[in-house]
Amino acid sequence: QVQLVESGGGLVQAGGSLRLSCAASGSLFRINTMGWYRQAPGETRDLVASITSGGNTNYADSVKGRFTVSRDNAKKTVYLQMNSLKPEDTAVYYCHANLDLSYYTRNLERWGQGTLVTVSS
């Protein structure tokens, strides 16, 4: 079973920084796109940032210039560096991966358990 294990959430004041990490464990063939989504209470789960295996990135407009997504393919880990945090960034952040378990079992979706980020004003 492939699992995504997140770490790095917590409480921070507005203007501060946090770094989230998400490591994939288990046997797999290849990780394609990895990324981060977030869900605030009463809201939908929305894309924050994603990165392909080749390093191409995509960001939500609300975090451009403040957040940076990166990955270490050897460690099967994706990171989200969050700077200049705002109270509206408060949410549960979920790691996501599109991966291939084998040559024949491809494009599976996996989610982490979520980590809470709280930004106080």
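Taken together, the values in this text are just the output of simple stated rules run on the coordinates, not laboratory data. From a predicted model like this one, the values you see are computed outputs, not experimental measurements. Note that each Cβ is placed from the backbone with ideal geometry, even for glycine, and that neighbours are counted across all protein chains shown.
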Subject >> Label point distance in nm, TRP111-LEU11, each placed 7 Å from Cα along Cα→Cβ >> reply: 2.7 nm
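With a cap of 10 neighbouring Cβ atoms within 10 Å, and only residues DSSP puts in a loop, list the GluC sites (Glu not before Pro) found in the range 1-93.
On the way: sites: GLU6, GLU43, GLU88; in loops: GLU43.
Of the GluC sites (Glu not before Pro), the ones in loops of the range 1-93 whose Cβ has at most 10 other Cβ atoms within 10 Å are GLU43.
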Original post:
Relative contact order, percent, of the chain when contacts are C-alpha pairs under 8 Å separated by at least 6 residues?
Top reply: 36 percent
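Percent relative contact order of the range 1-53, based on C-alpha pairs within less than 8 angstrom and at least six residues apart?
Working: 65 pairs, mean separation 15.5, N = 53.
Contact order relative to length: 29 percent.
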